Amino acid sequence: MPEATKPQSSEAGHAETAGQQGSQPDQLGSGTQSEPAATEAQLQAWAALLQQTLATGRQLSELLQLELKLAVGDGLRLLGVLLAMVSLVILAWLGLSVLLAWLAFLGSGSVALGLAGFLVVQLLALLLLWRAARVFQRSLGLPATRRQLKAMTGADNSDGTKTTDS
């Protein structure tokens, strides 16, 4: 009996193998039919995504254009406000200078001393602005970047003394 079951099991195994082989072309045939459908569905999904991306890009471009128009308009208005502020600052400075000159005139009774007080106030302001301009001019030379570049390239002085940027 065990021998009889052996051939049957091997025959059953061959039959299953043959059945699987017979069904493989069927599976391949049905698989090849579903592959183009899946590929077409993916292409449609990508096309829809591309359309959405283009629509989003158009909307963003339109928003950017509108905002730029607003920014240009606001920039022009800001320029007008700044010009008015500069005028007012100049008038306020002149008013302060005249007040100080008037106080010098009242204290001394001399018109020349009042005018000298006015001139001194203007020269002090000019001196402060000149010093500020020199500081800003030095920073335009990028001193920290120059020092870092020298340190990176090894172009430091061999004697170890520091140089100052002028």
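Here are the numbers for the structure shown:
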| read-out | value |
| --- | --- |
| Rough spin-label spacing in nm, given labels placed 7 Å along Cα→Cβ, for Q51 and A133 | 6.4 |
| Rg and Dmax [Cα atoms of segment 55-95; Å; Rg one decimal, Dmax integer] | 17.6, 59 |
| Segment L94-L142, extension gain: residue separation times 0.36 nm, minus the distance between their alpha carbons | 13.7 nm |
| Dimensions (Å) - segment 40-153, Cα atoms, principal axes, largest first | 99, 48, 13 |
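Since every read-out is calculated from the coordinates, none of them should be taken as a lab result. Note that the coordinates shown come from a computational prediction; the quantities given were computed from them, not determined experimentally. Quick reminder, even Gly has a Cβ in these numbers, built from the backbone with ideal geometry, and neighbours come from all protein chains shown.
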